[in-house]
1. When both residues are 6+ apart or on different chains and their Cβ atoms are under 8 Å apart, which pairs have a first residue that lies in segment 9-27 and is farther than 18 Å from Glu63 by Cβ and touching a residue at least 60 places away in the same chain (Cβ under 8 Å), and a second that is loosely packed, with under 13 Cβ neighbours inside 10 Å and among the β-branched types (Val, Ile, Thr)?
2. Against the definition (touching a Leu at 6+ places or on another chain (Cβ under 8 Å) and surrounded by fewer than 17 Cβ atoms within 10 Å (Cβ to Cβ)), how does Arg42 come out, yes or no?
3. Condition first: more than 11 Å from the chain's Cα centre (by Cα), of a type in the set (Ser, Thr, Tyr) and farther than 27 Å from Val4 by Cβ. Can you find one or more residues in segment 32-45 that meet it?
4. What tally of residues in segment 54-91 results from selecting those that are of a type in the set (A, V, I, L, M, F, W, C), surrounded by fewer than 15 Cβ atoms within 10 Å (Cβ to Cβ) and under 21 Å from Ala7 (Cβ atoms)?
5. Give segment 23-51 a look and list any residue that's of a type in the set (A, V, I, L, M, F, W, C), out of contact with any Ser or Thr (no Cβ under 7 Å at 6 or more places or on another chain) and under 16 Å from Gln82 (Cβ atoms), or say none.
6. Looking at segment 27-39, which of its residues are surrounded by 11 or more Cβ atoms within 10 Å (Cβ to Cβ) and at pLDDT below 95?
7. Could you please let me know if Glu51 is among the acidic types (Asp, Glu), loosely packed, with under 12 Cβ neighbours inside 10 Å and on the phi < 0 side of the Ramachandran plot?
8. Pick out the one residue from Ile57, Ile77, Ile81, Ile99 that is assigned to a strand (DSSP E or B), within 11 Å of the chain's Cα centre (by Cα), of a type in the set (Val, Ile, Thr) and over 18 Å from Gly14 (Cα atoms).
Amino acid sequence: MRGVNKAILIGNLGKDPELRYTPSGQPVTQFPLATTSRWKDRNDQWQDRTEWHRIVIWGRQAETANEYLKKGSPVYIEGRIQYRSWEDKDGNKRYVTEIVALQMRLLGRKVEETAEESKELAEEEVQPESEEEEDLPF
């Protein structure tokens, strides 16, 4: 039986996206995304908690994110959670948790953008990186 690995986030960019290209020419963008929860505590005081997520986007959507998103931009991200580890140059084991975005929707865009451009950007999805992901039943 296959499992489900899905994350849905709406938040604001913590800094401008960083666009890079792999040696094979594949575009990849990453940026931190802040999501904030708000609730009232026992004393009826509002409390806020901000969580930071590392977002990674591949393909054409990586270039779109780099072009349209800036620090503070609101964005909808749908993707999968990925854990990676590696050894740094000093031999220390390092770990990172990322959200690999499969779909991105820009929120709060400028008025000058045409409706057709908005629809095109909102419906654009990232293509799977490997054949393994293309094998998913949905």
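1. Gly11/Thr36
2. Numbers: touching a Leu at 6+ places or on another chain (Cβ under 8 Å): no; surrounded by fewer than 17 Cβ atoms within 10 Å (Cβ to Cβ): yes.
In short, no.
3. So in segment 32-45, the residues more than 11 Å from the chain's Cα centre (by Cα) come out as 35-45.
This time we only want the ones that are of a type in the set (Ser, Thr, Tyr), so: 35-37.
Next, only the ones that are farther than 27 Å from Val4 by Cβ stay: none.
No, segment 32-45 contains no residue that is more than 11 Å from the chain's Cα centre (by Cα), of a type in the set (Ser, Thr, Tyr) and farther than 27 Å from Val4 by Cβ.
4. Pass one, segment 54-91, residues of a type in the set (A, V, I, L, M, F, W, C): 55-58, 62, 65, 69, 75, 77, 81, 86.
Then keep just the ones that are surrounded by fewer than 15 Cβ atoms within 10 Å (Cβ to Cβ); that gives 81, 86.
If we keep only those that are under 21 Å from Ala7 (Cβ atoms) too, we end up with 81.
The total comes to 1.
5. First pass over segment 23-51, keeping only residues of a type in the set (A, V, I, L, M, F, W, C): 28, 31, 33-34, 39, 46.
Narrowing the set further to residues that are out of contact with any Ser or Thr (no Cβ under 7 Å at 6 or more places or on another chain) leaves 31, 33, 39, 46.
Those that are of a type in the set (A, V, I, L, M, F, W, C), out of contact with any Ser or Thr (no Cβ under 7 Å at 6 or more places or on another chain) and under 16 Å from Gln82 (Cβ atoms): Phe31, Leu33.
6. Kept after step one, since they are surrounded by 11 or more Cβ atoms within 10 Å (Cβ to Cβ), are these residues of segment 27-39: 27-35.
Hits for segment 27-39: nothing passes.
7. Working: among the acidic types (Asp, Glu): yes; loosely packed, with under 12 Cβ neighbours inside 10 Å: yes; on the phi < 0 side of the Ramachandran plot: yes.
Yes: the conditions hold for Glu51.
8. Only one candidate qualifies: Ile81.
The values are calculated or read from the model by the stated rules, or taken from the named source; none is laboratory data. All of these numbers come straight from a predicted model, not from anything done at the bench. Methodologically, a virtual Cβ is constructed for each residue, glycine included, from the backbone with ideal geometry; neighbour enumeration extends over all protein chains shown.
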